[in-house]
1. State, to one decimal in nm, how far the label point of residue 78 lies from the label point of residue 258, with both points 7 Å from Cα in the Cβ direction.
2. When ranked by the protection proxy of mean other Cβ atoms within 10 Å per residue, highest first, what sequence do the peptides 208-216, 84-92, 580-588, 477-485 form?
3. Indicate the gyration tensor shape class of segment 477-611 (rounded, prolate or oblate), computed on the Cα atoms with a ≥ b ≥ c the square roots of the eigenvalues: a/c under 1.5 is rounded; otherwise a/b larger than b/c is prolate and the rest oblate.
4. Using a ≥ b ≥ c from the Cα gyration tensor of segment 157-257 (square roots of the eigenvalues), is it rounded, prolate or oblate, where a/c under 1.5 gives rounded and otherwise the larger of a/b and b/c decides, a/b for prolate?
5. Contact order normalised by length for segment 494-636, with contacts defined as Cα pairs under 8 Å and 6 or more residues apart; what percent is it?
6. Of all the Cα-Cα pairs you can form in segment 102-222, what percent are over 25 Å apart?
7. Hey, what did segment 179-252 get for relative contact order, percent, Cα under 8 Å, at least 6 apart?
8. Full extension from residue 305 to residue 58: what is 0.36 nm times the residue separation minus their Cα-Cα distance, to one decimal in nm?
């Protein structure tokens, strides 16, 4: 799949007041010309039959115009449904193939949304347009934006999807479905809630997720109780997955004394200090840029919508925080690529007149938000994110296909990132072939095992070995493996002399670390949000906001110091190239921070408990006294006694906060 070079262009301008597709003018009331009796004795009054005839002609014209409106709406609706159904047939790769189709689909939905807003009264009275039908159109626009986000990795389109999904709920478009006793419509409503939940998870909107989870559970219970459907088990599983996913995040996220969640940065934020530290040598002729990323999840972790919790975290780490030019606020309303949803006066008036005396409801998104706008997008700070493939439990052939596709799309100054969160696969018998790079790796999904097949043969065949990646090292490759057999990928040789680096998770964790299937991989968590990982291994579940902010500042200072150390001329030249890209640089810095923190922790005493990299980072980075001082200060601030430092604390403990201490964070892991 290619990263889109530009968003689909804006749809044609708003239609004129005349009805599209017809030359019939807007109907007006025809008044018979008459003189005031008594002023002109010779004037004759218009016969009554002529007035009746004129009124009949006017009524017929209005009826014809209304019928034209209905026919135009039906055409746009059928056209939009046809284009929307074709989205599933688009190839997952090649922007030249899918982008024009998306543009055409956006344009027809833009026209449809605008048309139903401008003609809502006629459509309700002459066509019988229902509120749930308007909601279904809005839901498809939300889906359209979400799928466009997946193909472009541009988070602004994810925000647009949220705008439409949120409007459906706030305006209660699907509120009457329960009363209609239709299982098909109930399924539409359930699917909308599931999709809205995914979007809110990716936007980290905790408040709305909590509400959606309760509403979805109530709707599923109602659906099962009323209709006793055959898919009851599947919908119960959806509810359970949402609960498990959100509970896993809660377990890792400390709260304040008031019980509120503390802020965590999950997407990339450019650090001027780190950039300055790494640019001391001046600009290079060609900067390396991460262009393609393949994220593979093939473990027993909790997941939702084919997205494991590790994939969910790394996905966000490969995106920049959304922010408009000249704004420091990164809230949802300021990050849309087009104008934030505003009311269309006519549409709002039609809603009020047609729905009677209802409580105040949220304004409808305007037609301006139903298609990505090139002109408005130019006002947004350019934040190119790497294009991502999300592969949940892929087969070996699927992995190889996407590897070849992504490799093809990487330019001469680009890099390919591969992330594996998977169960390890090892040979049960020694390999006597002598072939390096094929002694085990990570397990891939096998659709069907052959009858009477050799388990050893199956394990070898459905395993991605390090040697399988060797052909793709003809271009710069950055590999991250979170697996119990990650050490197998330390054997990849640099045959083609292109930059290559692998960050490998510990192969085991101390018994005090909970099962990663319930919370996600600790190594991935460090790469995603180091402060959350630090809090987790220290047992911190409650901390004051002031202390949390101080610890966050110390993490930033530690990362800045690591960046400064990595900028030393002694660092391997190929690794220095990876530092030119902000995303890869952040992973390298956080890997070093992860290693230093775990090495100082009293529970991580064995080498198998520590991560490793290939090529290895220099000791000047991994054994930095300055970075260790920052970690010691964090431990003192958080009152964490699970660390052992070789040297006594050089700084005095900060002033105690009454809300600072956690009753459970004094236990040694």
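None of the figures in this text is laboratory data; all of them are computed from the coordinates on show. Quantities reported herein were computed from a predicted structural model and do not represent experimental measurements. As a convention, Cβ positions derive from the backbone with ideal geometry for all residues, glycine included, and neighbour counts pool all protein chains shown.
1. The two pseudo-label positions are separated by 5.7 nm.
2. Working: 208-216: 16.4, 84-92: 12.0, 580-588: 21.7, 477-485: 23.8.
Taking the mean over residues of other Cβ atoms within 10 Å, the ranking is 477-485, 580-588, 208-216, 84-92.
3. Details: a/c = 2.25, a/b = 1.29, b/c = 1.74.
Oblate, since a/c reaches 1.5 and b/c is not below a/b.
4. Numbers: a/c = 2.31, a/b = 1.41, b/c = 1.63.
The shape class here is oblate.
5. Numbers: 127 pairs, mean separation 58.1, N = 143.
It comes to 41 percent, rounded to a whole number.
6. Every Cα pair in segment 102-222 considered, those over 25 Å come to 26 percent.
7. Values: 27 pairs, mean separation 21.6, N = 74.
Reported relative contact order: 29 percent.
8. 83.4 nm
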